[in-house]
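What follows is a single structure, written as structure tokens, with notes after it.
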């Protein structure tokens, strides 16, 4: 029997789902970058840089200055939290891999949760790029040299993800042992999210590079991970629905019912980056109406899964048990990504869709009304990250964390 007196806080019972603490904080950092992306002028380039931000702060009014200061502070704070959680997880994961618990874990459905490692690594690289744009003067003058390095880094993460997923798929399809009755969640969609996060990083040079060769390579590589993520997600959703219809949704992993939301946002940004690169380098331009239709459809899917997941969470009383009650589950961190992703998607839908198509005036009343929805979702996720960090990593609590299957 393990010595329960040694457990001082929920995080002392390790689960690879704690990598989602890093992913969630990183997502919040990226959501603050949306303020700069869409509110700060950046003529001549698709993203704002330190110089654009500094110029806007120097010439803008008090409201813009406050927004810039808030965005930069939010990016810095949550990037720090993301990297701190990543380092903690890497250390804890290293020790956990040598335990008997890990050996048992590798023979269960939960083995696919190991994909949170490449997911967190890919998010860390994306956050690093945001930090460079916002805080490093002159970055854009050397960015073409950085793109190949970033692509190599993302390919290394993608190779790690393929190796982990290959080990899981190879085991269950040759040895069996996958328990469909215990697959009553969307937890198996998590690997698709990891591949999508890798793909969106690889797609960045397609949108940002001035080199057709680099942009074309990015298009090809990111397309592979887009397709991989889509196939895995489709299979996993169908299998998960089948198990939930028979056994009900597992309470501990119920937050995964909304994991489709961040998956759709990441794949949507990936496709936007690809479309931009196709227009700049290969004379294949997507019109404003086409972009609006694509983003509207993607946002519709996200809203549908938010309603679906929210309904199940409410009926199960998830918040009363795992957010405010005596029980703890590392799977609670899976609630952060959907809220962040919804906020980010609303920003893109508004700016790249409604505004670009001429349906909403930039910075008009309707613009700020829609933006307020995104800001509300973002604020809720800021609170949730801080709340979960206190709950799982802060003061000692008596209940142990509930391992998620």
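The values are calculated or read from the model by the stated rules, or taken from the named source; none is laboratory data. Remember, predicted model here, so these are calculated numbers, not experimental data. Please note: Cβ atoms are built from the backbone with ideal geometry, for glycine as well, and neighbour counts cover all protein chains shown.
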Inset, instruction - Please determine, by comparing only the residues of segment 340-395 that are in contact (Cβ under 8 Å) with a residue 40 or more places away in the chain, surrounded by 14 or more Cβ atoms within 10 Å (Cβ to Cβ) and not in a helix (DSSP H, G or I), which one is nearest to the chain's Cα centre (by Cα). - result: 394
Inset, instruction - Check whether at least one residue in segment 1-12 is farther than 30 Å from residue 194 by Cβ, more than 23 Å from the chain's Cα centre (by Cα), modelled with pLDDT of 95 or more and not in a helix (DSSP H, G or I), and report yes or no. - result: no
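Report yes if residue 68 is without any contact (Cβ under 8 Å) to a residue 40 or more places away in the chain, surrounded by 15 or more Cβ atoms within 10 Å (Cβ to Cβ) and farther than 23 Å from residue 187 by Cβ, otherwise no. Step through it out loud before you land on a result.
Values: without any contact (Cβ under 8 Å) to a residue 40 or more places away in the chain: yes; surrounded by 15 or more Cβ atoms within 10 Å (Cβ to Cβ): yes; farther than 23 Å from residue 187 by Cβ: yes.
Here the answer is yes, as residue 68 does meet what is asked.
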Inset, instruction - Quick one: in segment 288-321, of everything that is within 19 Å of the chain's Cα centre (by Cα) and closer than 14 Å to residue 348 by Cα, which residue is surrounded by the fewest Cβ atoms within 10 Å (Cβ to Cβ)? - result: 300
Inset, instruction - Filter segment 295-331 down to residues that are in contact with a helix residue (DSSP H, G or I) (Cβ under 6 Å, 6 or more places away or on another chain) and in a loop (DSSP other than H, G, I, E, B) and give me whichever is nearest to residue 253 (Cα to Cα). - result: 329
Legend entry - Matching entry among 334, 376, 361 (being modelled with pLDDT of 95 or more and out of contact with any helix residue (DSSP H, G or I) (no Cβ under 7 Å at 6 or more places or on another chain)): 376
Legend entry - Some residue of segment 257-274 being under 27 Å from residue 343 (Cβ atoms) and not in a helix (DSSP H, G or I): yes
Inset, instruction - Kindly check whether there is at least one residue in segment 288-300 that is touching a residue at least 60 places away in the same chain (Cβ under 8 Å) and closer than 21 Å to residue 187 by Cα. - result: no
